[in-house]
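Just passing along the structure, written as structure tokens.
Read-outs throughout are calculated quantities, based only on the coordinates presented, and are distinct from any laboratory measurement. Model, not experiment: these values are computed from the prediction. As a convention, Cβ positions derive from the backbone with ideal geometry for all residues, glycine included, and neighbour counts pool all protein chains shown.
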Amino acid sequence: MGGMRDLVLLGSTGSIGTQAIDIVRRNPERFRVVALGAGGGNVGLLAAQALELEVDVVGVAAASVVQDLQLAFYAEAQKRGWSSGDFKLPKIVAGPDAMTELARWPADVVLNGVVGSLGLAPTLAALESGRVLALANKESLVAGGPLVRRIAKEGQIVPVDSEHSALAQCLRGGRAEEVRRLVLTASGGAFRGRRRDELTNVTPEEALKHPTWDMGPVVTINSATMVNKALEVIEAHELFGVSYDDIEVMVHPQSVLHSLVEFTDGSTLAQASPPDMRLPIALALAWPERVPLAAAGVDWTLAHNWELRPLDNEAFPAVELAKEAGRTGRCRPAILNAANEECVAAFVAGRLPFLGIVETLERVLTAAPDFAEPGTVDDVLAAEAWARAQAQRTIATVAEGA
């Protein structure tokens with residue numbers, strides 16, 4: 001086993017961040033958190049994390065909450081019965097560049113659990129600084145793939161997503177030239193098994209009922225449209241350098257087989273574990289080592305029935321759409337992702353029918369001007385801004401049935 005690892009946790013108050021801290025708490029001899037970063041929407045939790053872990057620095061993206069954070073430090077210290085001489089206040093960095101500054105902080109591993117395009121600049125900063133990047137921020141690879149590819153060294157990015165973690169584990173079973181295809185598994189979301197004509201009048205309430213994972217509303221609806229899996233196909237291509245033609249998606253309702261790799265000799269390796277994000281998070285923090293008892297394993301004293309079915313591309317065309325966007329490049333994946341966020345918001349608000357989500361994405365991609373391959377974060381953000389405005393215009397026409 002390796003020695004102590006110093007960690008920077010970005011997005012510490014979110015789902016990934018809080019589970020990472022749970023792993024750190026249970027493995028104090030392996031991990032030490034030196035920096036925490038968050039948006040600033042939950043300063044109470046952020047202060048509690050900072051004082052418990054005795055971090056050097058805390059970052060908030062919202063500069064307006066700095067005073068609230070300082071007050072939260074004192075309130076938390078009081079709660080613990082500490083007098084002012086008993087604790088050292090962490091340094092605070094604040095503002096739009098706070099996460100990027102923390103990504104460069106001296107550490108072994110940077111966990112990027114920031115949500116949205118705000119995660120791209122910290123990813124690039126962590127890679128440029130030579131850190132191992134435990135990556136949970138999908139925009140880094142979907143929107144910023146060419147920027148990341150230019151600077152990431154072999155093995156520097158370790159994925160946190162359960163599917164990509166599974167692929168990374170299975171890929172240890174052979175050399176890169178022995179890989180025939182990657183198979184990503186999908187739970188199928190709320191509308192698994194439905195034909196296209198059965199999706200016409202589904203409601204946001206129905207779309208938000210995910211059968212196996214407890215996730216936020218955007219991810220749950222992306223799971224129902226299969227856009228989530230579509231974006232993961234782009235990530236898999238960027239992470240592992242496998243062509244889009246050799247990446248398949250299969251529907252696996254039980255969410256136990258997290259992904260599979262087929263090799264050229266006909267052998268397929270799969271990674272199996274009950275749905276629990278602590279396993280891929282722990283593996284990313286300790287990579288290439290494992291953290292004992294990170295999560296419960298499959299109970300081999302019970303009988304199991306695990307299904308795998310091909311994806312119905314007619315009912316769920318998002319995966320093929322994403323592959324085409326990925327093959328074209330030139331900011332198309334960034335456009336797909338940004339436009340989708342607008343479409344999901346419109347669907348939840350009742351302004352767009354369910355099938356209108358992917359229809360709008362297709363129209364936005366068709367209308368996209370010929371952007372160049374992105375050279376900077378600003379290039380990506382400009383393409384995304386265009387995509388959001390175009391999506392809003394297109395949503396209005398699709399909703400009217402035009």
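Take every Cα pair under 8 Å in the chain that's 6+ residues apart, average their separations, divide by the length, and report that relative contact order as a whole percent. Write down the numbers at each step before the final one.
Working: 729 pairs, mean separation 58.0, N = 402.
Here the relative contact order equals 14 percent.
Let me ask something else. Restricting to Cα atoms and excluding each atom paired with itself, what does the Kirkwood estimate give for segment 5-160 in Å?
15.5 Å
Between segment 152-173 and segment 205-269, what's the alpha-carbon centroid distance in Å?
14 Å
Treat every Asp and Glu Cβ in segment 5-160 as -1 and every Lys and Arg Cβ as +1, leave all other atoms uncharged, and give the resulting dipole magnitude about the Cα centre to the nearest 20 debye. Can you show the working numbers first?
On the way: 15 positive and 15 negative charges, 60 e Å.
The calculated dipole for segment 5-160 is roughly 280 debye.
Just from its helices, what would the mean residue ellipticity at 222 nm be for the chain, if runs of 4 or more DSSP H residues each count -39500 (n - 2.57) and the sum is divided by every residue, rounded to the nearest 500 deg cm²/dmol? Kindly include the intermediate steps, with their values, before the conclusion.
Details: 16 runs with 175 residues, N = 402.
For the chain, the value works out to -13000 deg cm²/dmol.
Right, another one. Show me the three semi-axes of the equivalent ellipsoid for the chain, from the C-alpha gyration tensor (sqrt of 5 times each eigenvalue), largest first, rounded to whole Å. Spell out each step's value before the answer.
Details: eigenvalues 232, 136, 89 Å².
Semi-axes, largest first: 34, 26, 21 Å.
What FRET efficiency do you get for Glu128 and Leu302 if R0 is 45 Å and r is their Cβ-Cβ distance, rounded to the nearest 0.05? List each step's numbers first, then the result.
Details: r = 47 Å, r/R0 = 1.06.
Computed FRET efficiency for Glu128 and Leu302 comes out at 0.40.
Also, I was wondering about something else. What list do you get for Glu320, Glu384 if you sort them by fewest beta carbons within 10 Å? Before the final figure, lay out each step's value.
Details: Glu320 17, Glu384 21.
Ranking Glu320, Glu384 by Cβ neighbours within 10 Å, fewest first, gives Glu320, Glu384.
Could you check the simple spin-label distance between Asn42 and Ala399, using points 7 Å along Cα→Cβ, in nm with one decimal?
Roughly 3.1 nm, to one decimal.
Work out which trypsin sites (Lys or Arg not before Pro) in the chain are exposed loop sites (DSSP not H, G, I, E or B, at most 13 other Cβ within 10 Å) and give the longest gap free of them. Kindly include the intermediate steps, with their values, before the conclusion.
Values: sites that count: Arg80, Lys88, Lys153, Arg172, Arg175, Arg195, Lys209, Arg290.
Result, exposed sites excluded: 291-402.
Quote to one decimal, in nm, the extra length available between Ala349 and Ala382 on full extension: 0.36 nm per residue of separation minus the C-alpha distance between them.
Contour length minus Cα-Cα distance gives 9.3 nm.
In the chain, what is the count of Lys pairs whose alpha carbons are under 25 Å apart, counting only pairs at least 8 residues apart or on separate chains?
Qualifying lysine pairs in the chain: 9.
At Arg180 and Arg150, where each label point lies 7 Å from the Cα along Cα→Cβ, what is the point-to-point distance in nanometres?
3.8 nm
Quick one: check the C-alpha center-to-center distance for segment 295-312 versus segment 15-43, whole angstrom.
Cα centroid of segment 295-312 versus Cα centroid of segment 15-43: 30 Å apart.
Something else: Taking amide hydrogens as modeled 1.01 Å from N in the peptide plane, which residues meet the under 5 Å criterion relative to Val251, leaving out close sequence neighbours?
Residues meeting the amide H criterion: Ala186, Arg309, Leu311.
Can you give the net charge of the other residues whose Cβ lies under 12 Å from the Cβ of Ala47, counting K and R as +1 and D and E as -1? The partial results should precede the final answer.
Values: positive: Lys79, Arg80; negative: Glu52, Asp68, Glu76.
Residues close to Ala47 contribute a combined charge of -1.
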